[in-house]
Ligand SMILES: [Zn+2]
(Lines give C-alpha, C1' and ligand atoms only; values in the text may rest on other atoms or scores of the structure.)
Protein backbone atom coordinates (compact mmCIF):
# COMPACT_ATOMS: atom_id res chain seq x y z
CA UNK A 1 0.00 0.00 0.00
CA UNK A 2 1.37 3.39 -0.97
CA UNK A 3 2.67 5.59 1.78
CA UNK A 4 3.21 2.85 4.33
CA UNK A 5 6.64 2.43 5.85
CA UNK A 6 7.49 -0.71 7.76
CA UNK A 7 8.21 0.35 11.35
CA UNK A 8 8.30 -2.86 13.32
CA UNK A 9 9.31 -6.39 12.58
CA UNK A 10 6.82 -7.95 10.23
CA UNK A 11 4.67 -10.61 11.81
CA UNK A 12 2.87 -13.41 10.09
CA UNK A 13 -0.65 -13.08 11.46
CA UNK A 14 -1.99 -16.07 9.67
CA UNK A 15 -2.57 -18.85 12.19
CA UNK A 16 -2.73 -22.32 10.84
CA UNK A 17 -6.39 -22.64 9.98
CA UNK A 18 -5.93 -24.95 7.05
CA UNK A 19 -6.30 -28.08 9.15
CA UNK A 20 -9.36 -26.68 10.82
CA UNK A 21 -10.92 -25.74 7.51
CA UNK A 22 -10.50 -29.26 6.26
CA UNK A 23 -12.58 -30.62 9.08
CA UNK A 24 -15.41 -28.24 8.42
CA UNK A 25 -18.17 -28.30 5.91
CA UNK A 26 -18.49 -28.78 2.23
CA UNK A 27 -20.16 -26.17 0.17
CA UNK A 28 -19.69 -24.82 -3.28
CA UNK A 29 -22.11 -22.28 -4.66
CA UNK A 30 -20.75 -22.65 -8.13
CA UNK A 31 -21.72 -26.29 -8.47
CA UNK A 32 -25.33 -26.76 -7.54
CA UNK A 33 -27.13 -24.35 -5.30
CA UNK A 34 -29.99 -26.74 -4.63
CA UNK A 35 -27.79 -29.63 -3.62
CA UNK A 36 -25.81 -27.29 -1.44
CA UNK A 37 -28.88 -25.94 0.28
CA UNK A 38 -30.31 -29.38 0.61
CA UNK A 39 -27.24 -30.66 2.37
CA UNK A 40 -27.29 -27.78 4.82
CA UNK A 41 -31.02 -27.93 5.31
CA UNK A 42 -31.13 -31.64 5.94
CA UNK A 43 -28.69 -31.42 8.81
CA UNK A 44 -25.88 -33.01 6.86
CA UNK A 45 -23.54 -30.39 8.19
CA UNK A 46 -22.37 -32.43 11.14
CA UNK A 47 -21.86 -35.48 9.04
CA UNK A 48 -19.93 -33.51 6.51
CA UNK A 49 -17.96 -31.87 9.27
CA UNK A 50 -17.17 -35.12 10.98
CA UNK A 51 -16.23 -36.94 7.82
CA UNK A 52 -13.72 -34.21 7.09
CA UNK A 53 -14.82 -33.18 3.63
CA UNK A 54 -12.75 -30.28 2.45
CA UNK A 55 -14.12 -26.78 2.46
CA UNK A 56 -13.94 -24.98 -0.82
CA UNK A 57 -13.80 -21.34 0.20
CA UNK A 58 -13.14 -18.63 -2.32
CA UNK A 59 -9.60 -19.36 -3.41
CA UNK A 60 -8.62 -15.77 -2.80
CA UNK A 61 -9.14 -16.09 0.95
CA UNK A 62 -7.31 -19.18 2.11
CA UNK A 63 -5.27 -17.53 4.84
CA UNK A 64 -5.90 -15.01 7.59
CA UNK A 65 -3.46 -12.69 5.86
CA UNK A 66 -5.49 -12.82 2.63
CA UNK A 67 -8.59 -11.68 4.51
CA UNK A 68 -6.75 -8.85 6.23
CA UNK A 69 -5.20 -7.65 2.98
CA UNK A 70 -8.62 -7.69 1.31
CA UNK A 71 -10.04 -5.53 4.09
CA UNK A 72 -7.12 -3.09 3.94
CA UNK A 73 -7.53 -2.75 0.17
CA UNK A 74 -11.25 -2.20 0.56
CA UNK A 75 -10.87 0.29 3.40
CA UNK A 76 -8.22 2.37 1.64
CA UNK A 77 -8.53 1.66 -2.09
CA UNK A 78 -6.31 4.63 -2.96
CA UNK A 79 -3.84 4.18 -0.14
CA UNK A 80 -3.94 5.11 3.54
CA UNK A 81 -5.87 8.18 4.64
CA UNK A 82 -5.72 9.16 8.30
CA UNK A 83 -9.28 9.23 9.69
CA UNK A 84 -8.31 12.10 11.99
CA UNK A 85 -6.27 14.48 9.82
CA UNK A 86 -6.54 12.98 6.29
CA UNK A 87 -2.73 12.70 6.00
CA UNK A 88 -1.77 9.98 3.55
CA UNK A 89 1.54 8.69 4.88
CA UNK A 90 1.80 6.23 7.70
CA UNK A 91 3.89 3.57 9.41
CA UNK A 92 2.68 0.02 9.73
CA UNK A 93 2.96 -1.66 13.12
CA UNK A 94 2.96 -5.33 12.29
CA UNK A 95 3.90 -6.72 15.69
CA UNK A 96 0.27 -6.62 16.83
CA UNK A 97 -2.38 -9.27 16.29
CA UNK A 98 -4.07 -6.87 13.89
CA UNK A 99 -1.83 -4.64 11.76
CA UNK A 100 -2.00 -1.05 12.97
CA UNK A 101 -1.25 2.02 10.89
CA UNK A 102 0.20 5.09 12.56
CA UNK A 103 -0.37 8.43 10.89
CA UNK A 104 2.91 10.14 9.94
CA UNK A 105 1.52 13.52 10.96
CA UNK A 106 -0.72 13.20 14.03
CA UNK A 107 0.48 9.73 15.20
CA UNK A 108 -3.11 8.50 15.35
CA UNK A 109 -3.20 4.71 15.23
CA UNK A 110 -5.92 2.88 13.38
CA UNK A 111 -6.60 -0.45 11.71
CA UNK A 112 -8.58 -1.54 8.68
CA UNK A 113 -11.22 -3.01 11.02
CA UNK A 114 -12.17 0.32 12.61
CA UNK A 115 -15.62 1.44 11.48
CA UNK A 116 -16.49 -1.96 10.01
CA UNK A 117 -18.61 -4.82 11.32
CA UNK A 118 -15.34 -6.58 12.18
CA UNK A 119 -14.22 -3.93 14.66
CA UNK A 120 -13.44 -5.38 18.07
CA UNK A 121 -13.79 -8.97 16.94
CA UNK A 122 -11.64 -11.63 18.57
CA UNK A 123 -12.48 -14.15 15.89
CA UNK A 124 -10.14 -14.98 13.04
CA UNK A 125 -11.20 -13.15 9.90
CA UNK A 126 -11.31 -16.49 8.09
CA UNK A 127 -14.33 -17.42 10.17
CA UNK A 128 -15.98 -14.14 9.28
CA UNK A 129 -15.26 -14.60 5.61
CA UNK A 130 -16.71 -18.10 5.70
CA UNK A 131 -19.76 -16.79 7.50
CA UNK A 132 -20.22 -14.25 4.71
CA UNK A 133 -20.08 -17.01 2.13
CA UNK A 134 -22.64 -19.07 4.02
CA UNK A 135 -24.81 -15.98 4.41
CA UNK A 136 -24.93 -15.91 0.62
CA UNK A 137 -26.37 -19.41 0.31
CA UNK A 138 -29.66 -19.17 -1.60
CA UNK A 139 -31.72 -19.34 1.61
CA UNK A 140 -29.07 -18.02 4.00
CA UNK A 141 -27.98 -19.92 7.09
CA UNK A 142 -29.36 -20.04 10.60
CA UNK A 143 -27.24 -19.21 13.64
CA UNK A 144 -27.53 -22.82 14.81
CA UNK A 145 -26.04 -24.17 11.60
CA UNK A 146 -23.42 -21.46 11.38
CA UNK A 147 -22.34 -22.31 14.94
CA UNK A 148 -21.91 -25.94 13.85
CA UNK A 149 -20.15 -25.19 10.61
CA UNK A 150 -17.55 -22.61 11.61
CA UNK A 151 -17.26 -23.84 15.20
CA UNK A 152 -18.11 -20.81 17.24
CA UNK A 153 -20.62 -20.61 20.08
CA UNK A 154 -24.27 -20.24 19.15
CA UNK A 155 -24.31 -16.73 20.64
CA UNK A 156 -21.30 -15.72 18.56
CA UNK A 157 -22.88 -17.13 15.40
CA UNK A 158 -26.14 -15.31 16.17
CA UNK A 159 -24.26 -12.05 16.74
CA UNK A 160 -22.19 -12.43 13.57
CA UNK A 161 -25.28 -12.96 11.44
CA UNK A 162 -27.08 -10.02 12.98
CA UNK A 163 -24.07 -7.77 12.46
CA UNK A 164 -24.06 -8.77 8.80
CA UNK A 165 -27.84 -8.20 8.62
CA UNK A 166 -27.42 -4.80 10.21
CA UNK A 167 -24.87 -3.77 7.58
CA UNK A 168 -27.13 -5.09 4.85
CA UNK A 169 -30.15 -3.21 6.20
CA UNK A 170 -28.30 0.06 6.64
CA UNK A 171 -26.91 -0.15 3.12
CA UNK A 172 -30.24 -1.06 1.60
CA UNK A 173 -32.01 1.77 3.41
CA UNK A 174 -29.66 4.28 1.76
CA UNK A 175 -30.40 3.09 -1.76
CA UNK A 176 -33.64 4.61 -3.00
CA UNK A 177 -35.80 2.97 -5.64
CA UNK A 178 -35.74 4.94 -8.86
CA UNK A 179 -37.11 4.65 -12.37
CA UNK A 180 -40.22 2.60 -13.04
CA UNK A 181 -41.36 1.77 -9.50
CA UNK A 182 -44.23 -0.49 -8.41
CA UNK A 183 -45.57 -0.44 -4.86
CA UNK A 184 -47.90 -3.06 -3.36
CA UNK A 185 -49.83 -3.05 -0.11
CA UNK A 186 -49.34 -6.74 0.57
CA UNK A 187 -49.30 -9.41 3.26
CA UNK A 188 -46.22 -11.37 4.33
CA UNK A 189 -46.65 -14.89 5.61
CA UNK A 190 -50.10 -15.50 4.22
CA UNK A 191 -50.54 -19.17 3.42
CA UNK A 192 -53.19 -19.56 0.71
CA UNK A 193 -53.51 -23.27 1.49
CA UNK A 194 -54.84 -22.51 4.96
CA UNK A 195 -58.12 -21.04 6.14
CA UNK A 196 -58.23 -17.26 5.74
CA UNK A 197 -59.39 -16.84 9.31
CA UNK A 198 -56.46 -18.77 10.73
CA UNK A 199 -53.49 -16.64 9.69
CA UNK A 200 -52.41 -15.00 12.96
CA UNK A 201 -48.77 -14.67 11.86
CA UNK A 202 -49.46 -12.96 8.56
CA UNK A 203 -48.13 -9.39 8.63
CA UNK A 204 -49.00 -6.32 6.63
CA UNK A 205 -46.09 -5.17 4.46
CA UNK A 206 -45.46 -2.60 1.80
CA UNK A 207 -43.35 -3.92 -1.04
CA UNK A 208 -41.72 -1.70 -3.62
CA UNK A 209 -39.52 -2.53 -6.57
CA UNK A 210 -37.90 -1.20 -9.68
CA UNK A 211 -38.63 -3.27 -12.75
CA UNK A 212 -36.74 -4.40 -15.80
CA UNK A 213 -38.00 -3.68 -19.30
CA UNK A 214 -39.90 -6.94 -19.19
CA UNK A 215 -41.58 -5.94 -15.92
CA UNK A 216 -39.60 -8.24 -13.62
CA UNK A 217 -38.72 -6.89 -10.14
CA UNK A 218 -35.12 -5.80 -9.85
CA UNK A 219 -34.32 -3.85 -6.67
CA UNK A 220 -36.91 -4.82 -4.06
CA UNK A 221 -37.74 -3.44 -0.63
CA UNK A 222 -40.21 -5.04 1.75
CA UNK A 223 -41.25 -2.95 4.74
CA UNK A 224 -43.02 -4.54 7.62
CA UNK A 225 -45.93 -2.55 9.04
CA UNK A 226 -45.50 -2.97 12.80
CA UNK A 227 -48.47 -4.21 14.83
CA UNK A 228 -50.53 -5.06 11.77
CA UNK A 229 -50.79 -8.79 12.11
CA UNK A 230 -53.37 -11.16 10.67
CA UNK A 231 -54.68 -11.69 7.18
CA UNK A 232 -57.06 -8.77 7.10
CA UNK A 233 -54.65 -6.14 8.40
CA UNK A 234 -53.19 -4.08 5.59
CA UNK A 235 -51.20 -0.90 5.17
CA UNK A 236 -53.24 2.26 4.84
CA UNK A 237 -52.91 4.68 1.93
CA UNK A 238 -51.16 7.04 4.30
CA UNK A 239 -48.55 4.37 5.08
CA UNK A 240 -48.18 3.67 1.37
CA UNK A 241 -47.47 7.34 0.74
CA UNK A 242 -44.97 7.44 3.59
CA UNK A 243 -43.14 4.44 2.09
CA UNK A 244 -42.91 6.18 -1.27
CA UNK A 245 -41.66 9.39 0.36
CA UNK A 246 -38.99 7.52 2.30
CA UNK A 247 -37.79 4.94 -0.21
CA UNK A 248 -38.42 6.22 -3.72
CA UNK A 249 -36.47 8.93 -5.49
CA UNK A 250 -39.57 10.79 -6.67
CA UNK A 251 -37.64 13.23 -8.88
CA UNK A 252 -36.66 10.60 -11.39
CA UNK A 253 -39.30 7.94 -10.84
CA UNK A 254 -42.69 7.00 -12.14
CA UNK A 255 -44.56 5.31 -9.32
CA UNK A 256 -47.50 2.95 -9.69
CA UNK A 257 -49.24 2.09 -6.42
CA UNK A 258 -51.37 -1.01 -5.88
CA UNK A 259 -53.26 -0.47 -2.63
CA UNK A 260 -55.97 -3.07 -3.16
CA UNK A 261 -55.50 -6.70 -2.12
CA UNK A 262 -57.17 -8.10 -5.23
CA UNK A 263 -55.28 -5.86 -7.62
CA UNK A 264 -51.61 -6.13 -6.72
CA UNK A 265 -48.64 -6.05 -9.06
CA UNK A 266 -48.28 -9.81 -9.36
CA UNK A 267 -44.50 -10.15 -10.09
CA UNK A 268 -43.83 -8.18 -6.90
CA UNK A 269 -46.37 -10.18 -4.94
CA UNK A 270 -44.50 -13.28 -6.08
CA UNK A 271 -41.26 -11.93 -4.57
CA UNK A 272 -42.96 -11.33 -1.20
CA UNK A 273 -44.26 -14.88 -1.28
CA UNK A 274 -40.81 -16.23 -2.23
CA UNK A 275 -39.29 -14.26 0.65
CA UNK A 276 -41.68 -15.97 3.06
CA UNK A 277 -40.96 -19.44 1.65
CA UNK A 278 -37.20 -18.87 1.76
CA UNK A 279 -37.07 -17.40 5.27
CA UNK A 280 -39.46 -20.03 6.60
CA UNK A 281 -37.31 -22.83 5.19
CA UNK A 282 -34.19 -21.63 6.99
CA UNK A 283 -35.41 -19.92 10.13
CA UNK A 284 -38.65 -21.88 10.71
CA UNK A 285 -40.37 -19.21 12.78
CA UNK A 286 -39.49 -15.55 13.00
CA UNK A 287 -40.94 -13.19 15.57
CA UNK A 288 -41.82 -9.61 14.69
CA UNK A 289 -38.85 -8.19 16.59
CA UNK A 290 -36.21 -9.13 14.01
CA UNK A 291 -38.42 -9.88 11.01
CA UNK A 292 -37.54 -6.63 9.26
CA UNK A 293 -33.83 -7.51 9.41
CA UNK A 294 -34.53 -10.90 7.84
CA UNK A 295 -36.62 -9.30 5.10
CA UNK A 296 -33.74 -6.91 4.40
CA UNK A 297 -31.42 -9.90 4.26
CA UNK A 298 -33.67 -11.64 1.75
CA UNK A 299 -34.06 -8.66 -0.58
CA UNK A 300 -30.34 -7.83 -0.50
CA UNK A 301 -29.37 -11.45 -1.17
CA UNK A 302 -31.84 -11.56 -4.04
CA UNK A 303 -30.26 -8.44 -5.45
CA UNK A 304 -26.75 -9.81 -5.08
CA UNK A 305 -27.79 -12.94 -6.95
CA UNK A 306 -28.62 -10.72 -9.92
CA UNK A 307 -24.86 -10.07 -10.11
CA UNK A 308 -24.44 -13.71 -11.05
CA UNK A 309 -20.85 -14.52 -10.16
CA UNK A 310 -20.18 -15.82 -6.68
CA UNK A 311 -17.03 -13.75 -6.28
CA UNK A 312 -18.86 -10.56 -7.26
CA UNK A 313 -21.56 -11.30 -4.68
CA UNK A 314 -18.99 -11.93 -1.96
CA UNK A 315 -17.08 -8.80 -2.90
CA UNK A 316 -20.20 -6.64 -2.73
CA UNK A 317 -21.26 -8.10 0.61
CA UNK A 318 -17.76 -7.57 2.00
CA UNK A 319 -17.88 -3.99 0.75
CA UNK A 320 -21.07 -3.36 2.79
CA UNK A 321 -19.48 -4.90 5.86
CA UNK A 322 -16.50 -2.58 5.56
CA UNK A 323 -18.65 0.51 4.96
CA UNK A 324 -21.03 0.06 7.91
CA UNK A 325 -19.88 0.15 11.55
CA UNK A 326 -20.77 -2.80 13.78
CA UNK A 327 -23.94 -2.51 15.79
CA UNK A 328 -23.26 -2.86 19.54
CA UNK A 329 -24.82 -5.91 21.22
CA UNK A 330 -26.82 -3.72 23.62
CA UNK A 331 -28.41 -1.92 20.67
CA UNK A 332 -29.00 -5.16 18.84
CA UNK A 333 -31.18 -6.65 21.56
CA UNK A 334 -33.19 -3.46 22.09
CA UNK A 335 -36.74 -3.53 20.85
CA UNK A 336 -37.42 -1.31 17.84
CA UNK A 337 -41.02 -2.05 16.94
CA UNK A 338 -41.47 0.88 14.64
CA UNK A 339 -38.08 1.16 13.01
CA UNK A 340 -38.52 0.95 9.27
CA UNK A 341 -36.36 -0.64 6.56
CA UNK A 342 -33.10 0.19 8.22
CA UNK A 343 -32.27 -2.98 10.14
CA UNK A 344 -34.05 -3.46 13.41
CA UNK A 345 -31.75 -6.22 14.49
ZN1 LIG B 1 -3.41 11.87 11.19
- prompt: Within the stretch 93-104, how many residues are under 31 Å from the mean Cα position of the chain (by Cα), surrounded by 14 or more Cβ atoms within 10 Å (Cβ to Cβ) and more than 14 Å from the ligand (Cβ to nearest atom)?
  reply: 3
- prompt: (1) closer than 18 Å to residue 161 by Cβ; (2) more than 14 Å from the chain's Cα centre (by Cα): which one isn't true of residue 274, the others all being true?
  reply: (1)
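Being more than 14 Å from residue 183 (Cβ to Cβ) and at pLDDT 90 or above narrows it down to one residue among 224, 240; which is it? Break it down into steps so the answer makes sense when it comes.
Working: 240 fails: more than 14 Å from residue 183 (Cβ to Cβ).
Unique residue meeting the criteria: 224.
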message: Conditions first: (1) free of Cβ contacts under 8 Å to residues at least 12 places away in the same chain; (2) in contact with a helix residue (DSSP H, G or I) (Cβ under 7 Å, 6 or more places away or on another chain). Residue 129 passes all but one, so which condition is the exception?
response: (1)
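This table checks each residue for (1) touching a residue at least 40 places away in the same chain (Cβ under 8 Å); (2) within 18 Å of residue 121 (Cα to Cα).
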{"position": "63", "(1), (2)": "yes, yes"}
{"position": "71", "(1), (2)": "yes, yes"}
{"position": "75", "(1), (2)": "yes, yes"}
{"position": "79", "(1), (2)": "yes, no"}
{"position": "83", "(1), (2)": "no, no"}
{"position": "86", "(1), (2)": "no, no"}
{"position": "89", "(1), (2)": "yes, no"}
{"position": "99", "(1), (2)": "yes, yes"}
{"position": "102", "(1), (2)": "yes, no"}
statement: Subset of the stretch 63-85, residues within 16 Å of the ligand (Cβ to nearest atom) and part of a helix (DSSP H, G or I), comes to 75
- prompt: Can residue 88 be described as within 13 Å of the ligand (Cβ to nearest atom) and assigned to a loop (DSSP other than H, G, I, E, B)?
  reply: yes
- request: Pick out, from the stretch 262-345, the helices (runs of 4 or more DSSP H) lying fully within it that include 3 or more residues that are at positive phi, at pLDDT 90 or above and buried (at least 20 other Cβ atoms within 10 Å of the Cβ).
  value: none
query: Among the residues of the stretch 105-126, which ones are within 16 Å of the ligand (Cβ to nearest atom) and free of Cβ contacts under 8 Å to residues at least 24 places away in the same chain?
result: 105, 107, 109, 111
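The values are calculated or read from the model by the stated rules, or taken from the named source; none is laboratory data. Not measured: the values here are computed from a predicted model. Quick reminder, even Gly has a Cβ in these numbers, built from the backbone with ideal geometry, and neighbours come from all protein chains shown.
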